[in-house]
Amino acid sequence: MIQVAVLGYGTVGSGVVEVIEKNKQEINKKSGEALNIKYILDLRDFPGDPYEEKVVHDVEVILNDPEVKIICETMGGIKPAYDFTKRALCMGKSVCTSNKELVALHGPELIQVAHEHQCNYLFEASVGGGIPIIRPLNYSLTAERIDAITGILNGTTNYILTKMEREGADFEEVLREAQEKGYAERNPEADIEGYDACRKIAILSSLMCCRNVKYEDIYTEGIAKITPEDFVYAKSMGKTIKLLAQSKEVGGKMYAMVAPFLISIDHPLSMVNGVFNAVWVHGNMLGDSMYYGRGAGKLPTASAVVSDVVDCARHIGKVIMCFWDDEDVELTGIEEAERRFFVRVPAQKEMDALHVFERASVVEADVPGEFAFVTDQMAEKEFNEKAGQVGVISRIRIEE
Ligand code: HSE
């Protein structure tokens with residue numbers, strides 16, 4: 001029997017216990033040995049809960065129990081998760097986590113500590129919830145040179161954008177409704193401003209280039225400025241708007257960013273709606289592949305954590321390879337990235353805009369008092385200079 005402990009009995013932690021209990025037969029068979037939840041760490045008590053007897057309040061009980069071989073860290077945040085994780089790994093206990101903040105900040109260090117102690121630090125649930133994406137990058141696509149990853153990596157913002165598109169509603173209204181329904185957090189800043197997606201693409205980018213992409217270096221822009229009018233224009237262009245997290249290697253230069261983009265309705269990511277997530281990966285041999293599913297929620301995320309538990313159970317005392325060195329990748333600033341931009345200006349600035357942006361293609365839509373157009377392909381830096389000269393209402397980047 002392999003003893004397991006769960007740190008944090010919140011949404012994901014209680015999901016982990018539920019998945020291990022409900023799918024006991026399949027999981028034990030695939031682990032090669034039966035798994036048993038020995039402890040659940042939480043500050044709270046859970047009177048009446050079927051697992052209340054397993055709840056402990058002191059992490060030392062878990063760390064000092066030599067029987068515990070696998071720990072699920074579902075606490076979130078950096079403190080005290082970092083300390084608990086590192087101490088567990090130093091004692092040879094494998095850790096499986098859904099904690100994207102911690103993986104993005106300390107991933108390479110914790111992987112190395114794990115390997116030095118013949119155990120593993122696995123994080124399938126940290127990106128894309130229940131969608132298998134870490135394992136495909138680590139195991140399945142090892143024959144590829146991956147040069148681009150683009151993802152819809154945040155369910156909250158994708159839900160909001162989908163609703164805005166379908167109902168013509170404005171951002172604040174949909175956000176309020178999402179919060180009332182429990183889809184969006186009371187403090188939705190990390191989702192809305194793109195910080196959550198930024199950490200997730202930092203993790204994927206690091207696995208893409210086998211070195212460390214620091215999330216602090218990734219240009220990040222959220223969706224708070226997107227309006228119903230933007231969707232009116234998008235529709236007239238045969239496009240939609242998605243918050244994309246992307247990293248690309250072009251001519252030896254590595255770019256990474258998170259921002260709302262206009263994408264064609266023929267783009268595979270345009271069909272990813274509501275709380276769903278997807279990750280599109282381009283490899284030099286395989287070409288395109290896409291991974292789609294539930295990017296958040298109790299059971300999908302817990303399922304991914306438990307898949308890591310099974311992997312750890314199969315590799316007790318052995319290291320599972322993960323290619324993520326601590327050498328930092330130097331990202332190229334997005335000012336150099338070339339693309340087309342969709343731009344809205346007040347109607348009276350039409351002539352100025354056409355003068356400054358040569359070869360602009362006009363976008364016709366029924367929005368009074370405005371003139372809208374798509375620029376030629378140009379570097380972000382050049383666009384910003386020109387937009388500054390004209391004085392624009394807004395701009396959205398176009399993903400081709
Ligand atoms: N807040 C995140 C989302 C949860 O909306 O996608 C999953 O990481």
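Derivation of every value follows stated rules applied to the coordinates shown; laboratory data play no part. Quantities reported herein were computed from a predicted structural model and do not represent experimental measurements. Heads up, the Cβs are rebuilt from the backbone with ideal geometry, glycines too, and the neighbour counts pull from every protein chain shown.
Here are the numbers for this structure:
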| quantity | calculated |
| --- | --- |
| Set K22/K298; K248/K318; K235/K381 screened for pairs whose C-alpha atoms are more than 25 Å apart | K248/K318; K235/K381 |
| Amide H contacts of M378 (H built 1.01 Å from N, under 5 Å, at least 5 apart or other chain) | R339, R340 |
| Qualifying trypsin sites (Lys or Arg not before Pro) in region 1-67, DSSP loop, other Cβ atoms within 10 Å at most 14 | R44 |
| Dipole of the chain, positive end: most advanced residue of T11, I223, M285 [Cβ charges, Cα centre] | M285 |
| Within the chain, helix-based [θ] at 222 nm, where runs of 4 or more DSSP H residues each add -39,500 (n - 2.57), nearest 500 | -10500 deg cm²/dmol |
| Theoretical gain in end-to-end length, E172 to E52 [0.36 nm per residue, Cα-Cα removed] | 39.2 nm |
| Signed unit charges on C-beta, dipole axis of the chain, positive-most listed residue A259, C90, V272 | C90 |
| Distance between region 79-149 and region 190-224 - C-alpha centres, whole angstrom | 16 Å |
| Listed residue (V362, Q25, T150) projecting farthest to the positive dipole end of the chain, Cβ model | Q25 |
| Reachable lysines from K86, criterion Cα separation under 16 angstrom, eight or more residues apart if same chain | K69, K100 |
| Inter-probe distance in nm under a simple model that places probes 7 Å from Cα toward Cβ, at A379 and T142 | 4.0 nm |
| Candidate aspartates and glutamates - alpha carbon under 14 Å from K24, same-chain residues fewer than 8 apart omitted | E33 |
| Dipole in debye (nearest 20) - region 249-400, about Cα centre, beta carbon charges: Lys, Arg +1; Asp, Glu -1 | 620 debye |
| When region 65-220 is reduced to its Cα atoms, the Kirkwood hydrodynamic radius in Å | 17.0 Å |
| Rg in Å to one decimal, and Dmax rounded to a whole Å, for region 229-270 via C-alpha atoms | 12.5, 38 |
| Cα-based Rg and Dmax for the chain, where Dmax is the largest Cα-Cα distance (Å) | 23.0, 75 |
| Diffusion constant of region 300-369 at 4 °C, which comes from Stokes-Einstein with the Kirkwood Cα-pair radius and 1.567 mPa s, µm²/s | 69 µm²/s |
| Violating pairs (Cα-Cα greater than 31 angstrom) within the set K200/K225; K38/K214; K200/K349; K79/K253; K54/K163 | K38/K214; K200/K349; K79/K253; K54/K163 |
| Gain in span if fully extended, M285 to I265, counting 0.36 nm per residue against the direct Cα distance | 4.6 nm |
| Amide H within-cut-off set for E370, under 5 Å, with H built and near neighbours excluded | A347 |
| Net length gained if the chain between H115 and R359 were fully extended (0.36 nm per residue, minus Cα distance) | 82.3 nm |
| Sites matching chymotrypsin sites (Phe, Trp or Tyr not before Pro) across region 280-334 that sit in DSSP coil, with at most 15 neighbouring C-beta atoms within 10 Å | F323 |
| Radius, Kirkwood style, for region 167-238 when every pair of distinct Cα atoms is counted (Å) | 14.2 Å |
| In region 157-239, trypsin sites (Lys or Arg not before Pro) in a DSSP loop with at most 10 other beta-carbon atoms within 10 Å | K181, R186 |
| Only Lys, Arg (+1) and Asp, Glu (-1) charged, at Cβ; the chain dipole about Cα centre in debye | 960 debye |
| Fraction of antiparallel bridges per DSSP, the chain only, in percent to nearest 5 | 65 percent |
